[in-house]
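The values are calculated or read from the model by the stated rules, or taken from the named source; none is laboratory data. Here the structure is a predicted model, which means the values were calculated and not measured. Cβ sites come from the backbone with ideal geometry, for glycine too, and all protein chains shown count toward neighbours. All accessible areas refer to the heavy atoms of the entire protein, side chains included, with ligands and DNA or RNA removed. Shrake-Rupley method; radii C 1.70, N 1.55, O 1.52, S 1.80 Å.
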Amino acid sequence: MRFTGRHAGLLLLLVSLLVAASPLAQAQIGPDIPREETIIVDILTGRSPNPRRFNAWAPGTTLDAGIQQLMLDSLWCVEYARGEILNVLAEAPPIYNDDYTQMTVKLRQGIYWSDGVPFTADDVVFTVELLKGNPGMNYQAEFSIFVDRVYKTDDYTVVFELKEPNSRFHTYFLDRWGACRIMPKHIWENVDNPMAFDFYPPISIGQYVLKDVDPGGYWFLWEKREDWERTAVGQMYGEPKPKYVLFHYYGPPERKVIAQSRHELDMCDLTMESLQASWDNPNFRTYRREYPWIVNIDPCITGITLNTLVEPFNNKDVRWALALAIDIVDVMALAFDGAGVMGALLVPPTPVYLDWYYEPMEEWLREFTLDIEVDGEPFKPYDPGAAQRLAEYAVSRGYAVPDDPAEQREIFGYGWWKYAPEVAAQLLERNGFKRDSSGRWLLPNGTPWKITITSHPNPSHPGYKNSFAVAQQWRRFGIDVEVVTTEQYGTLATYGQFEVSSVWPAYEPWGGHPDLYRTIRMWDSDLHRPIGEVTYGQQGRWSHPDLDAIIDKLERIGFDDPELIPLAIEGLKITTAEMPSIATFGYPGFVGWDETYWTNYPGAENPYQQPYQHWPNFKFMLPFLEPTGKK
Amino acid sequence: MLKAVKALFQRDRRFLFGFIVIAVLFVGAVLAGFSPHDPRLWNVVPRDLPPSSKYWLGTNSMGQDVFWQALWAIRNSLVMGAIAVISSRIIAVAVGLLAGYRGGLMDRLLMTVTDSFVILPLLPILILITSIFKSRLSVTSLGIVLGIFGWAWDARVIRSQVLSLREREFTYTAVLSGMSTGKIIFREYMPYIFPLITATAMNNMLWAMGMEVTLAVLGLVSLEIPTLGTMIHWAVNSQAMLLGFWWWILTPVVLCVFIFLALYLLSLSINEFLDPRIRVQRLQGIKG
Amino acid sequence: MAFLKRYLLPRIVQYLVVIFIGGTLIFIIPRLMPVDPVQQTLERITIQGAFLDPRAIEQIREALLELYGLKGSLTEQYITMWRRLLRGDFGPSYVQFPTPVMTLIRISLPWTVGLLVTTTVLSWIVGNILGGIAAYYSTRRWAQLMENIAMLIRPIPYYIIALALLLLLAYALPVFPVTGGFSIGRRFVLSWDLIVDILKHAFLPALSLVIVGIATWFMTMRLLVSNLLAEDYIVYAQIAGVQDGEILYNYAIRNAMLPQITGLTLSLGQIFGGALITETVFSYPGLGTLLYSSINTGDYNLMMGITLLSVVAIATGVLLMDLIYPFLDPRIRYE
Amino acid sequence: MDVLRVEKLKAFYIMESAGEERAVKAVNDVSLTVRENEVLGIAGESGCGKSTLLKSLLGSIRPPLRHMGGRVTYLHRDREMDILSLPKEERQKLMWQHISYVPQGSLSVLNPVRRIGDTFRSFVGAHLDIQKDPDRFESLVRSHLQDLGLPVDTLKAYPHQLSGGMRQRVTIALATILKPRLILADEPSTALDVVVQRGVIQLLRDIQTEQHNTIVMVTHDMAIHANISDRVAIMYAGRIIEEAPVERIFAKPLHPYTQYLIGSLPRIGDKSYRLSAPGTPPSLADLPPGCAFHPRCPNAESICRREIPSLSLAGRDHRVACFLAAKEDADVGSSEALGSQ
């Protein structure tokens, strides 16, 4: 046989044509699943190593592929778009006794598991008792510390007797991307080893039940229950529109752009660049239909954490100098082309927090001075005009931005710190820092100042962009900065093995509730451990006696006490003056929606609820989506 | 030596091409030192511009001049590759010669070590090692790490060549005539081993550069040091392909191709020049 | 018998020693990493479970150390590991505790093996044949064209080739599926449609691997064969009027194949490490991403399981190669 | 009758070195005829171009060797064929059935990873359709080997398992299996020890007696020529410098170089100091002007340094390329007496 190159080429071509021309050319979902009745959404946390594991109560199970959105419910859920707490499996908010040692929960009635067994107080009691007795399982430690006794008084009332007062015990059942969800007693009571039990096939208490799963762990297909009305969401919002929900992990952003352009993906998280690349798709939309496109209600704040146990970051002047050496407009321009809401406080600048904290503190911020004089006056670091400067930048890039300062404040935030490198220099110099002949900063001991920023290696993560953008600022200021990206950045931060890191600068608040205890508590001095040991608080390891006192007071008042906000404001004043870490801007959510098959997503024009598919709240969105009717 | 190079130049267009490309890249690498911009600084030029007379290879989304970034990348990648190649060649040749020439227990021991390195799955090991160094691998240390893990197979190849050479007549003649081991190795074996070294070196260089790209794509090297890998990392993650910034993504890819082509052609040409068999033929040719 | 005693036994001892050294290295290296599997799990729990009391964290930490078998000293852990491995047990995965590592590997292994064995063997065959032909007819234009194409493809970073194929054939020209191993919702019943479906999904990842593989094998084979062409026995056969095809296959390619077979065994052994970049670019299920995530989460047992699988596969490949070689090359004899 | 005519053949190795093309004049203006049923010996020191000449006769000219002029014509079934301009397919057809070749039987001429039997199969299979009748092929090979006195087991052996003599016999068996008219043998006995050498030569001789083929035998060993050749051509520096029947060349060598060659042969009982040519052969890339042998020639005259002597008749069937020999010979005249013994 004479086999030549031409033959090989022909053969290859032939094979590819054959495969390409077969009738399945475009099908991503099989023939039994009508595309127009299916909503396809991205999985945030990646491929599931063991896709047949639905044991949501053991660590490691992938929850955002449908378990927390469609399969399981918690007692309550935070809705941060509207600033509310929803009663899901509970019928009402918890009832505490006066000294917070007893909590009573009233349960919703008429809810059934997908196998037809009714949901009752027995399930709740069983869940708490099972978890409490099995070390290694989620909430085991919390329940064994706090729960003395749990029992039902009737089929729809559960009473928790606590070992010690805890005014926020119910938050273990309050879903904010995670909560203790209720398990079906009639299944689990027969399980010998709850840790090893896979719970496959799972039964559901939500409106959907698992239909199929990818043995490779990339996707999960859920089907609407016929008795969807016998669920909490059914009672709350009615029938969900899609018959099928497909959770699909697509990987890096370019894959999502491709999938969405082929209309094989309806909802996903993108990056700034991949969002820009999606405009060829006429059905593509973002949270805001115009620049800056992003979700402005995400309850997380990005920023830079300084390790306050490491010299020279233990010095407040140095921390402030680093903040003043940052031009926030430039950082946001470098990171996300200006798309973002700046936040000076360590609280996310979402509409509800702007109301609860930024607005009341605006006056104080304007008058706030640093202990340093510029031109004979005490220096006021707050720059209320920063948002306008960012708007000007956006205009210079050719984006349409409203002229009204009020609207600009709404889009870009209220303000930030001044870009004042000369004041930063003054702060450093009075602490013994010097510049060498080429303008580089030397530490007080005369050695060159070199900062290493530890960052997440995933380019989709805002911490990644933030690190490089801030590094640019400090380099220009004359500090030698190195950015190190590593998958271990979280561990390194927890062990304190870093100088500067782009981990969250403050712990996320509830998002839908003004209580800041969750955030402020992380600076409590008794949570901190020396470098090399795991810290229980915020990784920067900063604490302050005045703040400790505020934390004590917060613990003693309830979740809905009117004193909450004034107390938290006092706390924020301390964290502002001390600058333990530098907040930059709210988490810019680059959601991308394809409107080929579904519309009425909760966009900026109609934010009826939070916009992400990976949050548990996604279940509340499904009844509101509208099919376009496209086949 | 000089004469040989001159001869190569005139004899072989492949050599000429390879040499010119390498020379140009080398000059580029030196020129990088005269870059008007610090390669780590962003926003030094307008963003996302296509190539023009002012920005020869355009600019990227971080506001950097792709041309100057590319020069830095060439410099760092070549240095990294060269370090990897040289260090792994030293180990491979030493182990291969020693094991092959000495034989016996020494051979067994060295080959056990070599095989242990051969069987290690390199990518995960390298990922682990870059994790241990917290991605602080500089150009030099990455080169050394790649060198430490990139020699084993080539040592095996060199050993088997030495084994076959040892059986040949001239070794006996040389040993009988009292030639020292070193002399035997350098006079008699090197002409045979050298082509192996250059051919494996070329592959190793390619492997090292490919590995660097892989690690960079995964974000496991220092991303602010411009290399071919980090250029690709930034370009891909800024969606240069989807957004049509072809000049940004093509530059490192074309550079990879040119470096490979140049090295490949050079090594082919040099090997042909040095290959003992072809040399013998040439001699026979002259004699008749 | 003499062969057994003087060659085979020492060779098998060496094989075991090599695996032992490999296993020890992959026990030690991960433990030098800053990542702490317990801490990783704790972080996941923290994400899921609101905020934790320090006392609770301490309790969980203790419980997890106990469960993961990380309580003892390194030596104890090391001994436990070998004892377990000798029973063929890789232990539980930490991330998916207490799912056995074997279960996780079993989920990903078929995809990896299916994709990589096919592409490795295919590109080996095609690359070697084309490389041999191109070397034999090196003066022909089409042979030079083939060589030039291979020379251009070979140095392009694999990642770029894969990505470019994806953009070309799934985006610009949406012919192939973007991701996954087969269509969603499809029943796993053996049928022609299922096979076509799986092939279609595997096509792009396979194509990317085959392109690079062919170029690589092609280049080596071309070099090997063109070196052989000056050999006396080929010139002799040509003078004797033996047809080109016969010379090409039975003299040139066959003889040049020996080192290539070694290369193939090695490549086949490496399969068990998975193809991380391929799997990442095409979201293809496989061991590569599993291994990568196990590294990032400090899942020592899973890491150990996959890498050891690869180590044993490669070592066995090399051993088999050494034993088979005399049958392929009659000049080699083990005394 | 002539079976092969070589006319003014030039084949040079074209080497590019130090930027210049240099011609290594390995076969330089060679004319030669080979007659039916004769054994023509080609002799000369190594490096004189005799192997290249043989390659050219086989039509196996590949770079860096280049054909620079002249013709190599075979007479086959009343057809004249110039092997150097023959299409490849026709040349392949001519090979082995009409012309065959015995290489030096070193290890490298046989494919090291194939059994001898496989080599027979591919060599024979290239010319006969052995697929149709494999048994006939088997018996052909077996009987041929037996005829040559080779054990049939050889077919199962690998080349490296055979001794040098056996390998040489195998190459002879390969060359003669299709009973070609013309066998070109390139140093078939070099590198063998004397006893084996004799056996190999005897084998060739027997075959010739039996099959009546024509043999062109290249070897530097004059003793072998004395043993087997009918006619001998002496090559020096790419040219034929003398050509005569074997008896005559040994009895009355005319060219001083030939005289040295013969003079250096050992003779039984003769203990006198053997003469050999002083100096070394010239580089073919850089030939001296005039007669290439003049730097080593004890009798060289000025004409020898200026002009190249042509091959001219110096007796019956005896030609020589030497100014001095031609002169000397002319004096003696074309006396027949000297020609025969």
Open item on the list: Could you check segment C:292-322 and list, in sequence order, the residues that are facing another protein chain (nearest Cβ under 8 Å) and charged (D, E, K, R)?
Closed with: none
Open item on the list: Looking at segment C:135-154, can you tell me whether even one residue there is touching a residue at least 24 places away in the same chain (Cβ under 8 Å), away from chain B (no Cβ under 12 Å) and open to solvent by less than 10 Å² (accessible area, probe 1.4 Å)?
Closed with: yes
Task: Of the criteria (1) open to solvent by 10 Å² or more (accessible area, probe 1.4 Å); (2) β-branched (V, I, T); (3) modelled with pLDDT of 95 or more, which one A:I531 fails - done: (3)
Task: segment A:534-563 - residue that is within 23 Å of the chain's Cα centre (by Cα) and of a type in the set (A, V, I, L, M, F, W, C) and, of those, surrounded by the most Cβ atoms within 10 Å (Cβ to Cβ) - done: A:W542
TODO: Output the helices (runs of 4 or more DSSP H) that fall wholly within segment A:109-206 and possess 1 or more residues being surrounded by fewer than 20 Cβ atoms within 10 Å (Cβ to Cβ) and away from chain C (no Cβ under 14 Å), or say none.
DONE: A:121-132, A:185-188
TODO: Need at least 2 residues that are aromatic (F, W, Y) per element, so show me which helices (runs of 4 or more DSSP H) inside segment D:190-266 make the cut, counting only ones lying wholly within it.
DONE: D:256-263
Task: Every residue from segment A:345-369 that is in contact with a strand residue (DSSP E or B) (Cβ under 7 Å, 6 or more places away or on another chain) and more than 13 Å from A:P514 (Cα to Cα) - done: A:L345, A:L346, A:L365, A:R366, A:F368, A:T369
Task: Checking D:T33 against (1) within 30 Å of D:K179 (Cβ to Cβ); (2) within 14 Å of another protein chain (Cβ to nearest Cβ); (3) in contact with a Lys or Arg (Cβ under 9 Å, 6 or more places away or on another chain); (4) assigned to a strand (DSSP E or B), the condition it does not meet - done: (2)
TODO: Inspect all residues belonging to segment A:220-229 and state whether any of them is crowded, with 24+ Cβ neighbours inside 10 Å, part of a loop (DSSP other than H, G, I, E, B) and in contact (Cβ under 8 Å) with a residue 60 or more places away in the chain.
DONE: no
Open item on the list: Tell me whether segment A:63-70 contains one or more residues that are at pLDDT 90 or above, more than 10 Å from chain C (Cβ to nearest Cβ), touching a strand residue (DSSP E or B) at 6+ places or on another chain (Cβ under 6 Å) and part of a helix (DSSP H, G or I).
Closed with: yes
- [ ] Kindly provide the set of residues from segment D:313-326 that are part of a strand (DSSP E or B) and over 18 Å from D:A237 (Cβ atoms), ordered by number.
- [x] D:L313
Task: Failed item, numbered, when C:L258 is tested on (1) surrounded by fewer than 18 Cβ atoms within 10 Å (Cβ to Cβ); (2) facing another protein chain (nearest Cβ under 8 Å); (3) of a type outside the set (S, T, N, Q); (4) free of Cβ contacts under 8 Å to residues at least 40 places away in the same chain - done: (4)
Open item on the list: If I go through segment D:82-103 residue by residue, how many of them are in contact with a strand residue (DSSP E or B) (Cβ under 6 Å, 6 or more places away or on another chain) and either open to solvent by less than 10 Å² (accessible area, probe 1.4 Å) or closer than 20 Å to D:A185 by Cβ (or both)?
Closed with: 7
- [ ] May I ask you to list pairs of residues, at least six apart or on different chains, whose Cβ atoms are under 9 Å apart, with the first in segment D:149-161 being within 11 Å of chain C (Cβ to nearest Cβ) and farther than 18 Å from D:I207 by Cβ and the second being among the aliphatic types (A, V, I, L, M) and surrounded by fewer than 17 Cβ atoms within 10 Å (Cβ to Cβ)?
- [x] D:P159/D:L107; D:H160/D:L107
- [ ] Please determine, by comparing only the residues of segment C:52-79 that are open to solvent by 30 Å² or more (accessible area, probe 1.4 Å) and touching a residue at least 24 places away in the same chain (Cβ under 8 Å), which one is nearest to the other protein chains (Cβ to nearest Cβ).
- [x] C:L67
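Yes/no per residue for (1) in contact with a helix residue (DSSP H, G or I) (Cβ under 9 Å, 6 or more places away or on another chain); (2) facing chain C (nearest Cβ under 9 Å):
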site	(1), (2)
D:A43	yes, no
D:M68	no, no
D:D78	no, no
D:L86	yes, no
D:M95	yes, yes
D:Q104	yes, yes
D:N111	yes, yes
D:D135	no, no
D:S139	no, no
Task: Set B:V175, B:V236, B:V145, B:V162: member being touching a helix residue (DSSP H, G or I) at 6+ places or on another chain (Cβ under 9 Å), of a type in the set (A, V, I, L, M) and within 9 Å of another protein chain (Cβ to nearest Cβ) - done: B:V236
- [ ] Select from segment D:285-303 the residues that are modelled with pLDDT of 80 or more, out of contact with any Phe, Trp or Tyr (no Cβ under 6 Å at 6 or more places or on another chain) and surrounded by 15 or more Cβ atoms within 10 Å (Cβ to Cβ) and list them in ascending order.
- [x] D:L287, D:P288, D:G290, D:C291, D:A292, D:H294, D:P295, D:R296, D:C297, D:A300
- [ ] Filter segment B:220-233 down to the residues that are more than 9 Å from chain A (Cβ to nearest Cβ) and assigned to a helix (DSSP H, G or I), then identify the one that is nearest to A:D280 (Cα to Cα).
- [x] B:I232
Task: Filter result for the condition that a residue is within 23 Å of B:S269 (Cα to Cα), modelled with pLDDT of 90 or more and in contact with a Phe, Trp or Tyr (Cβ under 9 Å, 6 or more places away or on another chain), over B:A29, B:A7, B:A84 - done: B:A84
- [ ] Could you look through segment B:93-121, keep only residues that are at pLDDT below 85 and open to solvent by 40 Å² or more (accessible area, probe 1.4 Å), and pick out the one that is nearest to the other protein chains (Cβ to nearest Cβ)?
- [x] B:G104
TODO: Kindly list, by first and then second residue, each pair from a residue in segment A:362-389 that is closer than 30 Å to A:G340 by Cα to a residue that is open to solvent by 30 Å² or more (accessible area, probe 1.4 Å) and assigned to a helix (DSSP H, G or I), limited to pairs with Cβ atoms under 6 Å and residues at least 6 apart or on different chains.
DONE: A:Y382/A:R366; A:A387/A:R409
Open item on the list: Test of understanding: among C:W111, C:W124, which residue is touching a residue at least 40 places away in the same chain (Cβ under 8 Å), closer than 26 Å to C:G181 by Cα, at the interface with another protein chain (Cβ under 7 Å from one of its Cβ atoms) and open to solvent by 20 Å² or more (accessible area, probe 1.4 Å)?
Closed with: C:W111
Task: Search result, residues across segment C:91-102 that are of a type in the set (V, I, T) and at pLDDT below 90 - done: C:V95, C:T99
